[in-house]
1. Could you give me the residue pairs with C-beta distances under 6 Å whose first residue belongs to the range 282-299 and is of a type outside the set (D, E), whose second residue is open to solvent by 70 Å² or more (accessible area, probe 1.4 Å) and part of a loop (DSSP other than H, G, I, E, B) wherever it lies, and which are 6+ apart or on separate chains?
2. Which one of these is basic (K, R), out of contact with any helix residue (DSSP H, G or I) (no Cβ under 6 Å at 6 or more places or on another chain) and buried (at least 17 other Cβ atoms within 10 Å of the Cβ): R140, R70?
3. Quick check on my filter: what residues within the range 208-259 are open to solvent by less than 40 Å² (accessible area, probe 1.4 Å) and within 30 Å of T8 (Cα to Cα)?
4. Give the number of residues within the range 1-15 that are open to solvent by 10 Å² or more (accessible area, probe 1.4 Å) and in contact with a strand residue (DSSP E or B) (Cβ under 7 Å, 6 or more places away or on another chain).
5. Looking at the range 24-53 only, could you name the residues that are within 19 Å of the chain's Cα centre (by Cα), away from the ligand (no atom under 12 Å from the Cβ) and exposed (fewer than 14 other Cβ atoms within 10 Å of the Cβ)?
6. If you check L143, L122, which single one turns out to be farther than 13 Å from G31 by Cβ, in contact with a strand residue (DSSP E or B) (Cβ under 7 Å, 6 or more places away or on another chain) and of a type outside the set (D, E, K, R)?
7. What number of residues within the range 23-64 satisfy the criterion of being touching a helix residue (DSSP H, G or I) at 6+ places or on another chain (Cβ under 7 Å) and in a loop (DSSP other than H, G, I, E, B)?
8. Among the residues of the range 130-137, are any out of contact with any strand residue (DSSP E or B) (no Cβ under 7 Å at 6 or more places or on another chain), of a type outside the set (A, V, I, L, M) and assigned to a loop (DSSP other than H, G, I, E, B)?
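The values are calculated or read from the model by the stated rules, or taken from the named source; none is laboratory data. This structure is a prediction, so every number in the text was calculated from the model and none was measured. Here the Cβ positions follow ideal geometry from the backbone for every residue, glycine too, while neighbour counts run over all protein chains shown. The area values use the complete protein model at the heavy-atom level, side chains included, leaving out ligands, DNA and RNA. Shrake-Rupley method; radii C 1.70, N 1.55, O 1.52, S 1.80 Å.
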Amino acid sequence: MIHVTDLTKSYGAIQALRGVSFDIADGEIVGLLGPNGAGKTTIIKILTGYLQPDGGEVQVNGLDVMEHTRDVQAQIGYLPETAPLYPELSVQAYLQMMADLRQIPEAERRARLSDAVYATGLSEHLTRPIGELSKGFRQRVGLAQAILHRPKLLILDEPTVGLDPTQIVEVRRLIRRLAEHSTVLFSTHILSEVEALCDRAIILINGQVKADARLSELAATPDMVLVLDAEPAEAVAALGALDGAREVAAFRSPEGFPAYRVAGQPDAAADLGLALYNLAREHDWPVRELRRDVQTLETVFNTLATTA
Ligand code: ATP
(Lines give C-alpha, C1' and ligand atoms only; values in the text may rest on other atoms or scores of the structure.)
Protein backbone atom coordinates (compact mmCIF):
# COMPACT_ATOMS: atom_id res chain seq x y z
CA MET A 1 0.00 0.00 0.00
CA ILE A 2 2.86 2.39 0.84
CA HIS A 3 6.30 2.20 -0.71
CA VAL A 4 8.85 4.82 0.34
CA THR A 5 12.45 4.77 -0.88
CA ASP A 6 15.33 6.98 0.13
CA LEU A 7 13.23 10.00 0.99
CA THR A 8 15.09 13.22 1.73
CA LYS A 9 13.79 16.62 2.77
CA SER A 10 15.46 19.74 4.13
CA TYR A 11 13.97 22.97 5.40
CA GLY A 12 16.80 25.38 4.69
CA ALA A 13 19.72 24.14 6.76
CA ILE A 14 17.59 21.64 8.71
CA GLN A 15 17.78 18.11 7.30
CA ALA A 16 14.40 16.74 8.36
CA LEU A 17 14.60 13.43 6.43
CA ARG A 18 17.91 11.71 5.64
CA GLY A 19 17.10 8.79 3.35
CA VAL A 20 13.95 7.21 4.75
CA SER A 21 12.74 3.90 3.28
CA PHE A 22 9.91 1.60 4.36
CA ASP A 23 7.02 -0.45 3.01
CA ILE A 24 3.55 -0.95 4.43
CA ALA A 25 1.42 -3.80 3.16
CA ASP A 26 -2.31 -3.80 2.57
CA GLY A 27 -4.27 -4.17 5.79
CA GLU A 28 -1.40 -3.42 8.17
CA ILE A 29 -1.65 -1.00 11.07
CA VAL A 30 1.73 0.59 11.62
CA GLY A 31 2.98 3.16 14.11
CA LEU A 32 5.49 5.78 13.03
CA LEU A 33 7.22 6.42 16.31
CA GLY A 34 9.75 9.10 17.11
CA PRO A 35 10.58 11.96 19.45
CA ASN A 36 9.61 15.56 18.68
CA GLY A 37 11.31 16.81 15.56
CA ALA A 38 12.16 13.30 14.27
CA GLY A 39 10.46 13.97 10.93
CA LYS A 40 7.11 12.19 11.37
CA THR A 41 4.90 15.04 10.21
CA THR A 42 7.23 15.69 7.28
CA ILE A 43 6.83 12.08 6.10
CA ILE A 44 3.07 12.27 6.52
CA LYS A 45 2.80 15.52 4.57
CA ILE A 46 4.84 14.01 1.74
CA LEU A 47 2.77 10.81 1.73
CA THR A 48 -0.44 12.80 1.52
CA GLY A 49 0.88 14.99 -1.29
CA TYR A 50 1.01 18.23 0.71
CA LEU A 51 4.78 18.58 0.62
CA GLN A 52 7.36 17.89 -2.08
CA PRO A 53 10.39 15.86 -1.01
CA ASP A 54 13.88 16.84 -2.19
CA GLY A 55 14.58 13.30 -3.31
CA GLY A 56 13.35 9.73 -3.17
CA GLU A 57 10.32 7.82 -4.31
CA VAL A 58 6.85 7.64 -2.70
CA GLN A 59 4.11 5.36 -3.95
CA VAL A 60 0.65 4.81 -2.53
CA ASN A 61 -1.28 1.85 -3.89
CA GLY A 62 1.12 1.69 -6.86
CA LEU A 63 0.76 5.39 -7.75
CA ASP A 64 3.58 7.90 -7.56
CA VAL A 65 2.39 10.55 -5.09
CA MET A 66 4.12 13.44 -6.89
CA GLU A 67 2.79 12.47 -10.31
CA HIS A 68 -0.72 11.41 -9.29
CA THR A 69 -1.33 13.63 -6.27
CA ARG A 70 -5.11 13.97 -6.76
CA ASP A 71 -5.68 10.26 -7.36
CA VAL A 72 -3.60 9.40 -4.33
CA GLN A 73 -5.39 11.94 -2.14
CA ALA A 74 -8.71 10.45 -3.22
CA GLN A 75 -7.58 7.12 -1.75
CA ILE A 76 -6.31 8.50 1.54
CA GLY A 77 -8.14 9.51 4.67
CA TYR A 78 -5.94 12.05 6.40
CA LEU A 79 -6.15 13.37 9.94
CA PRO A 80 -3.60 16.18 10.26
CA GLU A 81 -2.00 16.99 13.62
CA THR A 82 -4.53 19.78 14.05
CA ALA A 83 -7.58 18.97 11.93
CA PRO A 84 -8.92 22.07 10.17
CA LEU A 85 -12.34 22.11 11.78
CA TYR A 86 -14.72 25.07 11.61
CA PRO A 87 -15.84 25.77 15.19
CA GLU A 88 -19.01 27.65 14.21
CA LEU A 89 -20.31 24.84 11.97
CA SER A 90 -22.39 22.01 13.38
CA VAL A 91 -20.94 18.51 13.06
CA GLN A 92 -23.51 17.71 10.39
CA ALA A 93 -22.88 20.88 8.35
CA TYR A 94 -19.14 20.32 8.52
CA LEU A 95 -19.35 16.70 7.40
CA GLN A 96 -21.69 17.68 4.57
CA MET A 97 -19.21 20.34 3.47
CA MET A 98 -16.42 17.74 3.52
CA ALA A 99 -18.61 15.37 1.48
CA ASP A 100 -18.99 18.21 -1.08
CA LEU A 101 -15.25 18.79 -1.16
CA ARG A 102 -14.64 15.08 -1.55
CA GLN A 103 -17.16 15.11 -4.41
CA ILE A 104 -19.04 12.16 -3.01
CA PRO A 105 -21.88 11.48 -5.46
CA GLU A 106 -25.30 12.69 -4.28
CA ALA A 107 -26.77 9.18 -4.43
CA GLU A 108 -24.17 7.78 -2.03
CA ARG A 109 -23.91 10.76 0.27
CA ARG A 110 -26.50 9.82 2.88
CA ALA A 111 -25.09 6.34 3.35
CA ARG A 112 -21.49 7.59 3.54
CA LEU A 113 -22.36 10.28 6.07
CA SER A 114 -24.32 7.95 8.27
CA ASP A 115 -21.57 5.27 8.11
CA ALA A 116 -18.92 7.80 9.17
CA VAL A 117 -21.14 9.20 11.94
CA TYR A 118 -21.97 5.72 13.19
CA ALA A 119 -18.33 4.53 13.10
CA THR A 120 -17.17 7.52 15.13
CA GLY A 121 -20.08 7.54 17.60
CA LEU A 122 -21.20 11.06 16.70
CA SER A 123 -24.92 10.42 16.14
CA GLU A 124 -26.01 12.31 19.22
CA HIS A 125 -23.85 15.34 18.51
CA LEU A 126 -24.76 16.13 14.91
CA THR A 127 -26.43 19.45 15.61
CA ARG A 128 -23.83 20.78 18.05
CA PRO A 129 -21.35 23.41 16.90
CA ILE A 130 -17.89 21.85 16.65
CA GLY A 131 -16.46 24.62 18.86
CA GLU A 132 -18.61 23.40 21.76
CA LEU A 133 -17.38 19.81 21.60
CA SER A 134 -14.74 18.35 23.90
CA LYS A 135 -11.31 17.69 22.36
CA GLY A 136 -12.03 13.96 22.16
CA PHE A 137 -15.22 14.54 20.21
CA ARG A 138 -13.52 17.08 17.94
CA GLN A 139 -10.96 14.38 17.19
CA ARG A 140 -13.84 12.05 16.30
CA VAL A 141 -15.13 14.67 13.89
CA GLY A 142 -11.65 14.78 12.34
CA LEU A 143 -11.72 11.01 12.00
CA ALA A 144 -15.24 11.07 10.57
CA GLN A 145 -14.17 13.44 7.78
CA ALA A 146 -11.13 11.23 7.13
CA ILE A 147 -13.27 8.14 6.49
CA LEU A 148 -16.20 9.74 4.61
CA HIS A 149 -14.95 8.58 1.22
CA ARG A 150 -14.13 5.06 2.49
CA PRO A 151 -10.39 5.37 1.96
CA LYS A 152 -8.17 2.32 1.54
CA LEU A 153 -5.50 4.07 3.57
CA LEU A 154 -5.83 6.12 6.75
CA ILE A 155 -2.97 8.40 7.74
CA LEU A 156 -3.27 9.88 11.20
CA ASP A 157 -0.81 12.43 12.59
CA GLU A 158 -0.61 12.10 16.38
CA PRO A 159 -4.30 11.15 16.66
CA THR A 160 -4.45 11.22 20.48
CA VAL A 161 -2.31 14.26 21.23
CA GLY A 162 -3.91 16.55 23.81
CA LEU A 163 -6.64 14.08 24.83
CA ASP A 164 -7.33 12.97 28.39
CA PRO A 165 -6.82 9.29 29.31
CA THR A 166 -10.48 8.34 28.80
CA GLN A 167 -10.60 10.06 25.41
CA ILE A 168 -7.31 8.39 24.45
CA VAL A 169 -8.77 4.95 25.15
CA GLU A 170 -11.89 5.80 23.13
CA VAL A 171 -10.01 7.20 20.14
CA ARG A 172 -7.65 4.20 20.14
CA ARG A 173 -10.63 1.85 20.16
CA LEU A 174 -12.09 3.79 17.27
CA ILE A 175 -8.85 3.60 15.28
CA ARG A 176 -8.68 -0.15 15.86
CA ARG A 177 -12.21 -0.45 14.52
CA LEU A 178 -11.42 1.66 11.46
CA ALA A 179 -8.36 -0.50 10.83
CA GLU A 180 -10.63 -3.46 10.15
CA HIS A 181 -11.40 -1.92 6.74
CA SER A 182 -8.34 0.20 5.93
CA THR A 183 -4.58 0.16 6.11
CA VAL A 184 -3.55 2.56 8.89
CA LEU A 185 -0.36 4.54 9.39
CA PHE A 186 -0.31 6.79 12.44
CA SER A 187 2.42 8.84 14.00
CA THR A 188 3.07 9.18 17.69
CA HIS A 189 5.81 9.95 20.17
CA ILE A 190 4.15 7.74 22.79
CA LEU A 191 5.43 4.19 22.98
CA SER A 192 2.36 2.80 24.69
CA GLU A 193 0.29 4.08 21.77
CA VAL A 194 2.12 1.77 19.40
CA GLU A 195 1.78 -1.10 21.87
CA ALA A 196 -1.93 -0.46 22.25
CA LEU A 197 -2.73 -0.15 18.56
CA CYS A 198 -0.46 -2.22 16.41
CA ASP A 199 2.28 -4.79 16.35
CA ARG A 200 4.72 -3.10 14.03
CA ALA A 201 6.63 0.10 14.59
CA ILE A 202 8.85 2.18 12.38
CA ILE A 203 11.11 4.09 14.73
CA LEU A 204 12.30 7.38 13.31
CA ILE A 205 15.04 9.36 14.99
CA ASN A 206 16.68 12.45 13.60
CA GLY A 207 15.27 11.92 10.12
CA GLN A 208 16.37 8.28 9.84
CA VAL A 209 14.63 4.93 10.30
CA LYS A 210 16.38 3.40 13.29
CA ALA A 211 14.22 0.29 13.52
CA ASP A 212 11.38 -1.26 11.56
CA ALA A 213 10.11 -4.40 13.22
CA ARG A 214 7.37 -6.16 15.09
CA LEU A 215 7.29 -5.03 18.70
CA SER A 216 8.08 -8.53 19.96
CA GLU A 217 11.24 -8.57 17.80
CA LEU A 218 12.32 -5.18 19.10
CA ALA A 219 11.93 -6.30 22.69
CA ALA A 220 13.65 -9.68 22.23
CA THR A 221 17.17 -10.29 23.55
CA PRO A 222 19.46 -13.34 23.32
CA ASP A 223 19.48 -13.53 27.14
CA MET A 224 17.74 -16.04 29.39
CA VAL A 225 16.47 -15.77 32.95
CA LEU A 226 16.47 -18.76 35.30
CA VAL A 227 14.66 -18.58 38.65
CA LEU A 228 15.28 -21.33 41.23
CA ASP A 229 13.75 -22.36 44.52
CA ALA A 230 17.17 -22.86 46.11
CA GLU A 231 20.57 -21.19 45.75
CA PRO A 232 23.09 -23.85 44.63
CA ALA A 233 26.67 -22.74 45.35
CA GLU A 234 27.85 -23.93 41.94
CA ALA A 235 25.10 -22.16 39.93
CA VAL A 236 26.95 -19.08 38.69
CA ALA A 237 30.07 -21.01 37.65
CA ALA A 238 28.07 -23.80 35.98
CA LEU A 239 25.87 -21.36 34.08
CA GLY A 240 28.87 -19.30 32.99
CA ALA A 241 30.55 -22.43 31.60
CA LEU A 242 27.65 -23.20 29.25
CA ASP A 243 28.17 -23.04 25.52
CA GLY A 244 26.69 -19.79 24.24
CA ALA A 245 26.74 -18.03 27.65
CA ARG A 246 28.57 -14.73 27.70
CA GLU A 247 28.00 -13.50 31.23
CA VAL A 248 25.99 -14.49 34.32
CA ALA A 249 24.43 -12.07 36.78
CA ALA A 250 22.77 -13.30 39.98
CA PHE A 251 19.84 -11.35 41.38
CA ARG A 252 16.61 -11.81 43.33
CA SER A 253 13.31 -12.26 41.53
CA PRO A 254 10.52 -9.84 42.56
CA GLU A 255 9.17 -12.65 44.81
CA GLY A 256 12.59 -12.99 46.47
CA PHE A 257 13.84 -16.20 44.80
CA PRO A 258 17.43 -16.70 43.58
CA ALA A 259 17.55 -15.73 39.92
CA TYR A 260 20.22 -15.66 37.21
CA ARG A 261 20.35 -13.63 34.04
CA VAL A 262 22.49 -15.46 31.51
CA ALA A 263 23.58 -13.17 28.70
CA GLY A 264 23.77 -15.12 25.46
CA GLN A 265 25.61 -14.72 22.19
CA PRO A 266 23.25 -12.96 19.75
CA ASP A 267 22.98 -16.02 17.47
CA ALA A 268 22.76 -18.73 20.15
CA ALA A 269 19.59 -17.83 22.09
CA ALA A 270 17.55 -20.95 21.29
CA ASP A 271 20.38 -23.33 22.16
CA LEU A 272 21.10 -21.43 25.35
CA GLY A 273 17.56 -22.05 26.59
CA LEU A 274 17.89 -25.77 25.97
CA ALA A 275 21.37 -25.85 27.53
CA LEU A 276 20.02 -24.14 30.66
CA TYR A 277 17.17 -26.60 30.90
CA ASN A 278 19.53 -29.58 30.58
CA LEU A 279 21.96 -28.12 33.10
CA ALA A 280 19.18 -27.60 35.66
CA ARG A 281 18.03 -31.20 35.15
CA GLU A 282 21.56 -32.60 35.51
CA HIS A 283 22.04 -30.77 38.81
CA ASP A 284 18.49 -31.40 39.93
CA TRP A 285 17.97 -27.69 40.57
CA PRO A 286 14.41 -26.82 41.59
CA VAL A 287 13.39 -24.60 38.67
CA ARG A 288 10.60 -22.07 39.23
CA GLU A 289 10.94 -20.28 35.94
CA LEU A 290 13.01 -20.37 32.74
CA ARG A 291 12.33 -17.65 30.20
CA ARG A 292 13.77 -15.45 27.50
CA ASP A 293 14.66 -12.03 28.88
CA VAL A 294 12.89 -9.12 27.17
CA GLN A 295 13.72 -5.47 27.36
CA THR A 296 10.99 -2.92 27.73
CA LEU A 297 10.23 -0.88 24.64
CA GLU A 298 11.28 2.18 26.65
CA THR A 299 14.77 0.69 26.93
CA VAL A 300 14.85 -0.16 23.22
CA PHE A 301 13.71 3.31 22.31
CA ASN A 302 16.17 5.04 24.65
CA THR A 303 19.04 2.92 23.33
CA LEU A 304 18.14 3.79 19.73
CA ALA A 305 17.71 7.47 20.61
CA THR A 306 21.06 7.75 22.34
CA THR A 307 22.93 6.02 19.53
CA ALA A 308 21.37 8.34 16.93
P1 ATP B 1 6.63 16.50 16.39
O2 ATP B 1 6.46 15.19 17.11
O3 ATP B 1 7.19 17.55 17.30
O4 ATP B 1 5.42 16.94 15.62
P5 ATP B 1 7.90 15.46 13.97
O6 ATP B 1 8.59 14.16 14.20
O7 ATP B 1 6.57 15.45 13.35
O8 ATP B 1 7.84 16.30 15.32
P9 ATP B 1 8.64 17.31 11.86
O10 ATP B 1 7.52 18.25 12.19
O11 ATP B 1 8.54 16.50 10.63
O12 ATP B 1 8.92 16.33 13.11
O13 ATP B 1 9.98 18.15 11.83
C14 ATP B 1 11.26 17.59 11.49
C15 ATP B 1 12.30 18.69 11.56
O16 ATP B 1 12.02 19.67 10.53
C17 ATP B 1 12.31 19.48 12.86
O18 ATP B 1 13.65 19.82 13.14
C19 ATP B 1 11.49 20.72 12.56
O20 ATP B 1 11.93 21.81 13.34
C21 ATP B 1 11.82 20.95 11.09
N22 ATP B 1 10.70 21.59 10.38
C23 ATP B 1 9.46 21.08 10.17
N24 ATP B 1 8.70 21.91 9.44
C25 ATP B 1 9.47 22.99 9.17
C26 ATP B 1 9.26 24.22 8.45
N27 ATP B 1 8.11 24.48 7.85
N28 ATP B 1 10.30 25.08 8.39
C29 ATP B 1 11.48 24.81 8.98
N30 ATP B 1 11.74 23.68 9.66
C31 ATP B 1 10.76 22.78 9.77
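1. Taking only residues 6 or more apart or on different chains, the pairs are P286/D229; R288/D229.
2. R140
3. Matches in the range 208-259: A211, A213, L215, L218, A219.
4. Here the count works out to 7.
5. A25, D26, G27
6. Just one listed residue meets the conditions, L143.
7. Going residue by residue through the range 23-64, those that are touching a helix residue (DSSP H, G or I) at 6+ places or on another chain (Cβ under 7 Å) are 29, 31-35, 48-49, 51, 53, 58, 60-61, 63.
Those left that are additionally in a loop (DSSP other than H, G, I, E, B): 34-35, 48-49, 51, 53, 61.
Summing the residues that are touching a helix residue (DSSP H, G or I) at 6+ places or on another chain (Cβ under 7 Å) and in a loop (DSSP other than H, G, I, E, B) in the range 23-64 gives 7.
8. Checked the range 130-137: at least one residue is out of contact with any strand residue (DSSP E or B) (no Cβ under 7 Å at 6 or more places or on another chain), of a type outside the set (A, V, I, L, M) and assigned to a loop (DSSP other than H, G, I, E, B).
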